[in-house]
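J.: Mind having a look at this structure? Questions to follow.
The values are calculated or read from the model by the stated rules, or taken from the named source; none is laboratory data. The model shown is predicted, which means the values in this text are computed figures rather than measured ones. Note: ideal-geometry Cβ built from the backbone for every residue, glycine included; neighbour counts use all protein chains shown.
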Amino acid sequence: MTFVNWLKRRLVVIAGLLTLAYLLLPNIVVTVFSFNQPKGRFNYEWQEFSTEAWQDPCGVSGLCGSLTLSLRIALWATLGATLLGTMIAFALVRYRFRARGAVNSLIFLPMAMPEVVMAASLLTLFLNMGARLGFWTILIAHIMFCLSFVVVAVKARVMSMDPRLEQAAQDLYAGPFQTFVRVTLPIAAPGIAAGALLAFALSFDDFIITNFNAGSTVTFPMFVWGSAQRGTPVQINVIGTAMFVIAVVLVLVAMAVGNRRDRRKAQKTHRSPL
Amino acid sequence: MTTVAEAPPRAPAPETEPPRKRGRWTPYLLLVPGLLWLLVFFALPVIYQASTSVQTGSLEEGYEVTWHFATYWDALSEYWPQFVRSVLYAASATVLCLLLGYPLAYLIAFRAGRWRNLIMILVIAPFFTSFLIRTLAWKTILADGGPVVGALDTLHVLDVTAWLGWTVGDRVLATPLAVVCGLTYNFLPFMILPLYTSLERIDPRLHEAANDLYARPSTTFRKVTFPLSMPGVVSGTLLTFIPATGDYVNADLLGSTDTRMVGNVIQSQFLRILDYPTAAALSFILMAAILFMVMFYIRRSGTEDLV
């Protein structure tokens, strides 16, 4: 009976941890199979331990080329979407203008539409215009679908900003430009950074829209898709594992730095109370 | 996504607002580049697609708008099984995501304590590995004769699922179950994050109050926690259902020809068969169906502030 009670009290925790395991299981499999030495062309069955793929991650033709192409597209798409999205977010929060409802739905709709619909309709536009599919059509598409997410992220931050801070800056004789650069932008920066990170992640990992609008250009997700039909090299798992480890380490370092800064700030204010 | 919600209109406060010289054109200058981008590369394509769907012709001779609406009828009568399947699979995946995601979101919001940040990172971390690679990993996990399938077989779970038509024989791979499992896995974080956001906002004193009023934990959950988490449930289900309906990656990698979804049809019509009018018509129907379902759902769930 006590065991049943114990189980009852921890039911949520156990169920939650099981879900977490479900979420992480594929990552574990990807990591383990990056040390595999498969017999055939496909890396789905465990054969024997080997670090061969880790010693030569670019050993498969086209893999690292597709990776750098994806990084390049993601960087430019992030830059474009962050710039355009931040501008829209500021206009939405700070100004009154006509047709606000229409603007809001134009920003919301791309997030509420299945990717395949956006991908297919954009392709009909490019086909009608006779555009050559490749780097530029991918970049245009990525900026398009990342834009809305940046707007949402930046808007949330700018909306929670205390408008009195800017008023204070102006009371202290800062011009509009100075106020923007020295007060508004630093406060909005975390929102802009969050939007940019999201845009980078979305663009880098996008497959469906790229699949439609890439022509014969091969990004990293396109490479993985192609290899699922032809044969999956172990190097794919190596790249996947490396990406996972690098990202987790970066997040942990950023968190540690943030914690230390907070603590130091707390100490400072403690020593010299204003 | 609760952040999508528009802020309540702030009351104009002319006394606290300084008499700033603001250009009347500033908001438009800020809006125009981004909105133009969305108009040209999002809205205009939808119109082009609508026009393509009523064209006839061939790749060699070119296409012409002939208002050939029969394409819609032909597309629907030929591909309705794929449409039904898409909605069915996406709905199953959404329900599974809710059932699996809720405990985890609850755990992070109320029970995790100092582990909260770590669990949060672990929920987001899979995103850092390409989702295609992770989906391919399910091929290994669900492999024929593998430990998972073996365990399900010994427990006679496979007999039940086969009887329900979810699996075929003693296989899981290349069956509806595998596709739904992949969809659930891929969109689970999109359910957990909005759920967590709305759960975290709940004032813990409400739980104490319910407890003080002699509500049992289950009653507290039913009458306090769950109703207050409804915004998260609504946005989570939308964020799961919409992309899952249009997905073709899981059906392609984990399924078979019997599990093709409407996304697979659109993809192959557009990129392999090159029958543009049919593909455009299918994509247009999918868009209309999703918008209709989303509108209906938002109305019914009474959270209009989502849009």
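J.: What do you reckon, is residue A:145 within 25 Å of residue A:205 (Cβ to Cβ), more than 7 Å from every other protein chain (Cβ to nearest Cβ) and crowded, with 17+ Cβ neighbours inside 10 Å?
T.: Against the criterion (within 25 Å of residue A:205 (Cβ to Cβ), more than 7 Å from every other protein chain (Cβ to nearest Cβ) and crowded, with 17+ Cβ neighbours inside 10 Å), residue A:145 qualifies.
J.: When the residues of the range B:140-151 are narrowed to those that are out of contact with any Pro (no Cβ under 9 Å at 6 or more places or on another chain) and not in a loop (DSSP other than H, G, I, E, B), which ends up surrounded by the most Cβ atoms within 10 Å (Cβ to Cβ)?
T.: B:149
J.: Which helices (runs of 4 or more DSSP H) does the range A:198-274 wholly contain that include 1 or more residues that are over 26 Å from residue A:145 (Cα atoms)?
T.: Those helices (runs of 4 or more DSSP H) span A:220-230, A:234-271.
J.: Considering only the range B:213-222, I want to know if a residue exists there that is small (Gly, Ala, Ser) and closer than 30 Å to residue A:200 by Cβ.
T.: No, that holds for no residue.
J.: Report, by residue number, each residue of the range B:1-58 that is modelled with pLDDT of 80 or more, farther than 30 Å from residue B:69 by Cβ and touching an Asp or Glu at 6+ places or on another chain (Cβ under 9 Å).
T.: Those that are modelled with pLDDT of 80 or more, farther than 30 Å from residue B:69 by Cβ and touching an Asp or Glu at 6+ places or on another chain (Cβ under 9 Å): none in the range B:1-58.
J.: When you check residue A:229 against the structure, is it surrounded by 14 or more Cβ atoms within 10 Å (Cβ to Cβ) and within 27 Å of the chain's Cα centre (by Cα), yes or no?
T.: no
J.: Let me ask you something else. Go through (1) within 30 Å of residue B:274 (Cα to Cα); (2) of a type in the set (S, T, N, Q); (3) at the interface with chain B (Cβ under 7 Å from one of its Cβ atoms) and name the single condition residue A:167 misses.
T.: Condition (1) is where residue A:167 drops out.
J.: Just checking, how many residues over the range A:105-140 are part of a loop (DSSP other than H, G, I, E, B) and more than 9 Å from chain B (Cβ to nearest Cβ)?
T.: 5
J.: Would you be able to tell me the number of residues in the range A:235-258 that are more than 10 Å from chain B (Cβ to nearest Cβ) and either in contact with a Gly (Cβ under 9 Å, 6 or more places away or on another chain) or of a type outside the set (A, V, I, L, M, F, W, C) (or both)?
T.: So the answer is 2.
J.: Select, from B:127, B:110, B:131, the only residue that is under 21 Å from the mean Cα position of the chain (by Cα), surrounded by fewer than 19 Cβ atoms within 10 Å (Cβ to Cβ) and either closer than 30 Å to residue A:235 by Cα or at pLDDT 90 or above (or both).
T.: Within the list B:127, B:110, B:131, the selection yields B:127.
J.: Please determine, by comparing only the residues of the range A:80-104 that are without any contact (Cβ under 8 Å) to a residue 60 or more places away in the chain and facing chain B (nearest Cβ under 7 Å), which one is nearest to the chain's Cα centre (by Cα).
T.: A:87
J.: Could you say whether any residue in the range A:180-191 is of a type in the set (Ser, Thr, Tyr) and touching a residue at least 60 places away in the same chain (Cβ under 8 Å)?
T.: No - not one qualifying residue is present in the range A:180-191.
J.: Of the numbered conditions (1) of a type in the set (Gly, Ala, Ser); (2) crowded, with 16+ Cβ neighbours inside 10 Å; (3) free of Cβ contacts under 8 Å to residues at least 12 places away in the same chain, residue A:120 satisfies every one except a single condition; which is it?
T.: Failed condition: (3).
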